[in-house]
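Asker: Input: one structure, supplied below.
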Amino acid sequence: MAEAVTIGIAVSILLPLTISLLHRTARDYESGVLLAQASTIVSGIHHTADGAWHIDLGPPLKPIYETRYDGRAFTLLDGTGRVVDASLFASASPWRDAPRKRMTTPFESDRFVGVSMPIRIDKGLYWIIVTQDQDGPGAIVDDVSRSFLLRYLVVLLPLLLVLPLLNSLAIRRFIIAITRASEHAAGIGPASLDVRLEESGLPSEVIPLVTATNTALARLQASFQRQAEFSGNIAHELRTPLTTLRFELDRIEDRSIRDRMMTLTDRLSHVLSQLRDLASLESFDDRDFELFDGGELAIDVVAEMAPRIVAAGKTIAFKGPQQRVEQRGREQLVRLALVNLIDNAARHTPDGTSIEVTLTGSGVFIVEDDGPGITVDDPHLLKRRFWRADHKRTDSAGIGLSIVQRIMDGHHGTLEIGGSRRGGARFALKF
């Protein structure tokens, strides 16, 4: 508001004077330009070899009088008022209203201004009428503006110096408030969608934008909640029917059919578990972080998963330091990330594969294998939700690595994907 008041005061004082000076300058300059162009047109009048009239405008005037942009036109009249020659669009000009006196005379007609210049050619009296349509001022207004600015720089220069000085204090407060709100907005993420931007202290011009941003955050928060609730409800509602289905499948006498159906059921159960885990990850932040021993966690996960991996014809081993490796985060989520990496290695490698889990002294979890490795050109695609490198496989929904990526994002860490020194794939969790 302060800057608006300052500008209003300056404008109320200087605007009348400025308008008056600009109007006078425009009229003088218009007349001068039209008079000069009339003289130039006169110098180009001549007869052709067959006696016809011809006006050579030359490069400066030719583009002006051959287009409608500038709104300018000329007409050459003889002593009887007959048109001897005219520019391309002269028919729209009020050349009939031009005075035909024995001295150069400015005139106005409706929206047109012009000059009427008497000339003598072959002892005959002629008039060259040059007009300007003020609704299409073209280059003349540009020239008037430049002339005005140069001529009245003494008035404009103090104005340009005073306004920034008067506005600087108000602008400084404006910038500080906007910067504070921007920093606040930058801190809002998926885990803090309940935070809203404060409107107090902000300029009135910015408050509608802040209100709209808060409304968008509320809609986004509601959308995240609905998505999480939907995924969680689906996983919960289907778990009991799946358990019942497993009992019913045990009654099938054909072993091959029973095993195949059990495999499909296990896959569906695995996908539902991942959907449930994914839903729980949409709203966590570092306010719930705690200290835990990374080595103890890794040993527990490997021990828990080893029987299933060995039963699948693969091996798993753990390597880590003897001393405690202290980590800060949500222990259950870090466990879930490590479980998903090991499960991913077990599902996407052939029988006989060796899986190795390593914890470095700096707290980096590494899962690598000696399987076929990563077959996609862009490993980052593996982190996309529901994306699969091999669409022919039916034992994966493409959710596992997106869960790991979400957990690492919440811990301000990274999931690195690459090739293993053993020839297979390598996944690292860096906190």
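The values are calculated or read from the model by the stated rules, or taken from the named source; none is laboratory data. Because the structure is predicted, anything quoted here is derived from the model rather than measured. So basically every Cβ, Gly included, is an ideal-geometry build from the backbone, and we count neighbours across all protein chains shown. Only protein heavy atoms, including side chains, enter the accessible area calculation; ligands, DNA and RNA are left aside. Shrake-Rupley method; radii C 1.70, N 1.55, O 1.52, S 1.80 Å.
Asker: Only one of 190, 158, 118 is out of contact with any Pro (no Cβ under 8 Å at 6 or more places or on another chain), open to solvent by 20 Å² or more (accessible area, probe 1.4 Å) and at pLDDT 85 or above. Can you tell me which?
Answerer: Testing whether each residue is out of contact with any Pro (no Cβ under 8 Å at 6 or more places or on another chain), open to solvent by 20 Å² or more (accessible area, probe 1.4 Å) and at pLDDT 85 or above leaves just 118.
Asker: Another question, then. For the structure I just gave you, tell me whether residue 417 is modelled with pLDDT of 90 or more and in contact with a strand residue (DSSP E or B) (Cβ under 9 Å, 6 or more places away or on another chain). Write out each step before concluding.
Answerer: Working: modelled with pLDDT of 90 or more: no; in contact with a strand residue (DSSP E or B) (Cβ under 9 Å, 6 or more places away or on another chain): yes.
So residue 417 does not fit the description; no.
Asker: Okay, next question. Scan the stretch 33-43 for residues that are farther than 13 Å from residue 86 by Cα and open to solvent by less than 40 Å² (accessible area, probe 1.4 Å) and jot them down.
Answerer: Once the filter is applied, which keeps residues that are farther than 13 Å from residue 86 by Cα and open to solvent by less than 40 Å² (accessible area, probe 1.4 Å), the stretch 33-43 yields 33, 34, 37.
Asker: To continue, here is another question. Does residue 238 meet the test of being modelled with pLDDT of 80 or more and surrounded by 14 or more Cβ atoms within 10 Å (Cβ to Cβ)?
Answerer: Criteria not met by residue 238.
Asker: Hey, does the stretch 368-375 have a residue that's closer than 18 Å to residue 300 by Cβ and among the hydrophobic types (A, V, I, L, M, F, W, C)? It would help to see each step written out before you state the result.
Answerer: Step one: list which residues in the stretch 368-375 are closer than 18 Å to residue 300 by Cβ, which gives none.
The answer is no, given that none of the residues of the stretch 368-375 is closer than 18 Å to residue 300 by Cβ and among the hydrophobic types (A, V, I, L, M, F, W, C).
Asker: Next up: Could you grab the pairs with beta carbons closer than 7 Å, sequence gap of 6+ or different chains, first residue in the stretch 51-63 and part of a loop (DSSP other than H, G, I, E, B), second one β-branched (Val, Ile, Thr) and open to solvent by less than 50 Å² (accessible area, probe 1.4 Å)?
Answerer: From the stretch 51-63, the pairs are 57/41.
Asker: Determine which single condition residue 276 fails, assuming it passes every other condition in (1) at pLDDT below 70; (2) farther than 20 Å from residue 337 by Cβ; (3) among the basic types (Lys, Arg).
Answerer: Of (1) at pLDDT below 70; (2) farther than 20 Å from residue 337 by Cβ; (3) among the basic types (Lys, Arg), only one is false for residue 276: (2).
Asker: Just a yes or no: is a residue in the stretch 25-43 among the small types (Gly, Ala, Ser), part of a loop (DSSP other than H, G, I, E, B) and at pLDDT 80 or above?
Answerer: No, every residue in the stretch 25-43 fails to be among the small types (Gly, Ala, Ser), part of a loop (DSSP other than H, G, I, E, B) and at pLDDT 80 or above.
Asker: Taking the condition of being touching a residue at least 40 places away in the same chain (Cβ under 8 Å), open to solvent by 50 Å² or more (accessible area, probe 1.4 Å) and part of a helix (DSSP H, G or I), how many residues in the stretch 290-337 meet it?
Answerer: 1
Asker: May I pose another question? Hey, any hits in the stretch 164-179 for a residue that's at pLDDT 70 or above, among the hydrophobic types (A, V, I, L, M, F, W, C) and in contact with a Pro (Cβ under 7 Å, 6 or more places away or on another chain)?
Answerer: Here is the first cut: in the stretch 164-179, the ones at pLDDT 70 or above are 164-179.
After this cut, where a residue has to be among the hydrophobic types (A, V, I, L, M, F, W, C) as well, the list is 165-166, 169-171, 174-178.
The next check asks that each one be in contact with a Pro (Cβ under 7 Å, 6 or more places away or on another chain); those that pass are 174, 177.
For the stretch 164-179, residues at pLDDT 70 or above, among the hydrophobic types (A, V, I, L, M, F, W, C) and in contact with a Pro (Cβ under 7 Å, 6 or more places away or on another chain): present.
Asker: Here's something else I'd like to know. Which condition number in (1) assigned to a helix (DSSP H, G or I); (2) at pLDDT below 85; (3) of a type in the set (S, T, N, Q) is the one that residue 375 fails?
Answerer: Against the list (1) assigned to a helix (DSSP H, G or I); (2) at pLDDT below 85; (3) of a type in the set (S, T, N, Q), residue 375 comes up short only on (1).
Asker: Say we look at the stretch 56-66 and pick out the residues that are open to solvent by 20 Å² or more (accessible area, probe 1.4 Å) and closer than 15 Å to residue 86 by Cβ; which of these is farthest from the chain's Cα centre (by Cα)?
Answerer: The qualifying residue farthest from the chain's Cα centre (by Cα) is 56.
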